[in-house]
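The values are calculated or read from the model by the stated rules, or taken from the named source; none is laboratory data. If you're wondering where the values come from, they're calculated on a predicted model, not measured in any experiment. Here the Cβ positions follow ideal geometry from the backbone for every residue, glycine too, while neighbour counts run over all protein chains shown. These accessible areas exclude ligands, DNA and RNA; they are computed on the full protein's heavy atoms, side chains included. Shrake-Rupley method; radii C 1.70, N 1.55, O 1.52, S 1.80 Å.
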Amino acid sequence: MFANNIAYNLTMQKTPLWYKDAIFYELYIRAFNDSDGDGHGDIRGVIEKLDYLQDLGINCIWLLPMFPSPLKDDGYDVADFYNIHPDYGTLHDFKELVDEAHKRSIRVIADLVLNHTSDQHPWFQEARKGPDNPKHDFYVWSDTQEKYQDARIIFLDTEDSNWSWDEEAKRYFWHRFYSSQPDLNYDNPEVQEAMLHVAKFWLDLGIDGFRCDAIPYLIEREGTNCENLPETHLYLKKLRRFVDEHAADSILLSEANQWPEDVREYFGDGDEMHMAFHFPVMPRLFMAMRKEDTTPIREIIERTPEIPQNAQWCTFLRNHDELTLEMVTEEERQWMWEQYAPEPRMRQNLGIRRRLAPLLDNDFNKIVLANSLLFTLPGSPIVYYGDEIGMGDNIWLKDRDGVRTPMQWNASPQAGFSSNAEPYSPVNNEVPYDPAHVNVEDQMRDLASLYYVTKNMIAVRKTHRAFGWGTFEWANSSHPTQVAAYYRRHEGEELLILNNLSGESIDLWVEIPERQLFFPPPNLFTGRATGELVDGRLHVKLASHGYEWLKLT
Ligand code: GLC
């Protein structure tokens, strides 16, 4: 094991800013692969599938919470920060997963749930004994429900207040999510230290960083909306210093579902979070595709500030939560619901609980186009498990369970996920998303499958640093509304990306500024010259929902 670590250190650890052009894969251990037939995916099951992930080309796995938990919020309700949920395996298994991933040049980051714990956590069990208990001040208490009235409720479908009464403490406790997830009190230095200690434990086990859950809500202050407060940033800077000291190449990825100017603050001066999800761009990709109009993407990119050189955005199409519509206007939200969630069951809180393929009508070209946008816009992309093969959702399951069904490996009834006839969640059996129609094994045999398109996009992206490091500039074209056409440039490399959002084929003319092109540019996938040059303009025929990635240099 030790020898492997040395090899890993030489090959991977010394890559500074690796996250600038990493390709992430979000994976829910319970849903991925069940190695022991108990119906729950487990860590050994993930180890068995590392070759698959390496072959797909991703180079960083993000694991959803794997800690002991009553699972009222699928593990985001942590009952013990220092162990592995028994359904998933042991700490030893986890260490092996990290080592085996590293051998394949895949990094591993995991969720760090800073804002709250489960009410089953021993800290809360102590805290509720009353104000005299030393742990009481680990949480946020009040004798009334009056405080912090300007803080919104996030889980609107289930919670009607951010305060809940605790019968034992005879006081109200503060929670931004489910009432079974009391918020930790970051005004208490002991809490701050305790969570640094948690981070250290996992870094010492060898992981490469954290996806930091729900960070805007760490601190509460009267008269504010209790989000993005200066004291919250101070703590995150402290966490960054701590991580830099203990594991310099590890990253902090921020889950701050906020407007770009507010998320920008989480990068600090390059001394806070390394990465941040770009939440507002995501719904706008769906908006733009349905409207066949680039305007929503243009507007949000326009509104996105510059970030420090050592920081990076994280882009995604879907994840384990609802497709959140918090970062759109009320009017846009209604429109998105009408378009993408026509049935009430498809809606959740302020979002849409559906997967990528069904959202895009299971239309192959549209799914591929969405991926073309994901892999070429600024930021490092994340693929959500199963979206690389176009898995469907199950809107009949509660909460967000419908987008967390078992990974479909083959066409068998349990999709090759488990030998158990009753897995933790039913396999999606709805045609055309059932295992007989959607599974890894079949798609690996078919060079025209979504799996292969995704794999190729990843491979091509990895060979061009302009995607991760480059600047972004819109290109002048004959169809600025229907076609998202832009340049990505880095150190002398210049790429031109064309995405036809419309359902019609388009004769596109693109101005090629300041560059004398003598030959039509090669397509990055095939190397074939594409289009024709006429008077310094490039003429390309784009198929309906077609895309081109071209190399101008
Ligand atoms: C984040 C997670 C979500 C979870 C919530 C509370 O938003 O993505 O799944 O329910 O935090 O921890």
A careful count of residues in the stretch 40-58 that are open to solvent by 20 Å² or more (accessible area, probe 1.4 Å) and touching an Asp or Glu at 6+ places or on another chain (Cβ under 9 Å) gives 3
Quickly run through the stretch 29-39 and pick out the residues that are in contact (Cβ under 8 Å) with a residue 40 or more places away in the chain, touching a helix residue (DSSP H, G or I) at 6+ places or on another chain (Cβ under 8 Å) and either within 16 Å of Leu91 (Cα to Cα) or surrounded by fewer than 22 Cβ atoms within 10 Å (Cβ to Cβ) (or both). Ile29
Residues being within 14 Å of Pro182 (Cβ to Cβ), of a type in the set (A, V, I, L, M, F, W, C) and within 16 Å of the ligand (Cβ to nearest atom) - total across the stretch 135-154: 1
Filter the stretch 199-231 for residues that are away from the ligand (no atom under 15 Å from the Cβ), buried (at least 16 other Cβ atoms within 10 Å of the Cβ) and of a type in the set (Val, Ile, Thr) and give the result. Ile207, Ile219
Would you kindly identify the strands (runs of 3 or more DSSP E) lying entirely within the stretch 449-520 that contain at least 1 residues that are more than 30 Å from Ile389 (Cβ to Cβ) and among the acidic types (Asp, Glu)? 471-474, 493-500, 506-511
Return the total of residues in the stretch 338-370 being part of a loop (DSSP other than H, G, I, E, B) and not small (Gly, Ala, Ser). 11
If you go through Glu272, Glu306, the only one that is part of a loop (DSSP other than H, G, I, E, B), buried (at least 21 other Cβ atoms within 10 Å of the Cβ), at pLDDT 95 or above and more than 16 Å from the ligand (Cβ to nearest atom) is Glu272
Take Phe177 and decide whether it is in contact with a Pro (Cβ under 9 Å, 6 or more places away or on another chain), touching a residue at least 12 places away in the same chain (Cβ under 8 Å) and buried (at least 19 other Cβ atoms within 10 Å of the Cβ). no
Selection status of Ala248, open to solvent by 30 Å² or more (accessible area, probe 1.4 Å) and closer than 18 Å to Arg107 by Cβ: yes
Residue check, Ala475 in contact with a Ser or Thr (Cβ under 6 Å, 6 or more places away or on another chain), surrounded by 15 or more Cβ atoms within 10 Å (Cβ to Cβ) and not hydroxyl-bearing (Ser, Thr, Tyr): no
All but one of (1) hydrophobic (A, V, I, L, M, F, W, C); (2) assigned to a loop (DSSP other than H, G, I, E, B); (3) open to solvent by 10 Å² or more (accessible area, probe 1.4 Å) hold for Met407; which doesn't? (3)
Based on what the data block shows, is Asp183 within 15 Å of the ligand (Cβ to nearest atom) and at pLDDT below 95? no
Within 32 Å of the chain's Cα centre (by Cα), aliphatic (A, V, I, L, M) and assigned to a strand (DSSP E or B): does that describe Leu538? no
Could you tell me which numbered condition Ile153 fails, if it satisfies all but one of (1) open to solvent by 30 Å² or more (accessible area, probe 1.4 Å); (2) in a loop (DSSP other than H, G, I, E, B); (3) touching a strand residue (DSSP E or B) at 6+ places or on another chain (Cβ under 9 Å); (4) among the hydrophobic types (A, V, I, L, M, F, W, C)? (3)
Contact list please: Cβ distance under 6 Å, first residue in the stretch 315-326 and farther than 15 Å from Asn371 by Cβ, second residue buried (at least 23 other Cβ atoms within 10 Å of the Cβ) and among the β-branched types (Val, Ile, Thr), pairs at least six apart or on different chains. Glu322/Ile352; Leu323/Ile352
Working only within the stretch 249-265, note down all residues that are within 15 Å of the ligand (Cβ to nearest atom), without any contact (Cβ under 8 Å) to a residue 60 or more places away in the chain and in contact with a Ser or Thr (Cβ under 9 Å, 6 or more places away or on another chain). Val263
Based on this model, can you work out whether Ser69 counts as in contact with a helix residue (DSSP H, G or I) (Cβ under 6 Å, 6 or more places away or on another chain) and among the hydroxyl-bearing types (Ser, Thr, Tyr)? no
Of all residues in the stretch 309-336, which are open to solvent by 10 Å² or more (accessible area, probe 1.4 Å), within 16 Å of the ligand (Cβ to nearest atom) and of a type in the set (D, E, K, R)? Asp321, Glu322, Glu326
Out of all the residues in the stretch 40-70, which are among the small types (Gly, Ala, Ser), closer than 26 Å to Val198 by Cα and touching a residue at least 24 places away in the same chain (Cβ under 8 Å)? Gly41, Ser69
Check on Arg264, in a helix (DSSP H, G or I), closer than 17 Å to Leu17 by Cα, modelled with pLDDT of 95 or more and open to solvent by 10 Å² or more (accessible area, probe 1.4 Å): no
Between Pro480, Pro413, Pro423, Pro432, which is buried (at least 21 other Cβ atoms within 10 Å of the Cβ) and not polar (S, T, N, Q)? Pro423
Would you check which residues across the stretch 496-510 are surrounded by 15 or more Cβ atoms within 10 Å (Cβ to Cβ) and touching a Lys or Arg at 6+ places or on another chain (Cβ under 7 Å) and list them? Ile497, Trp509, Val510
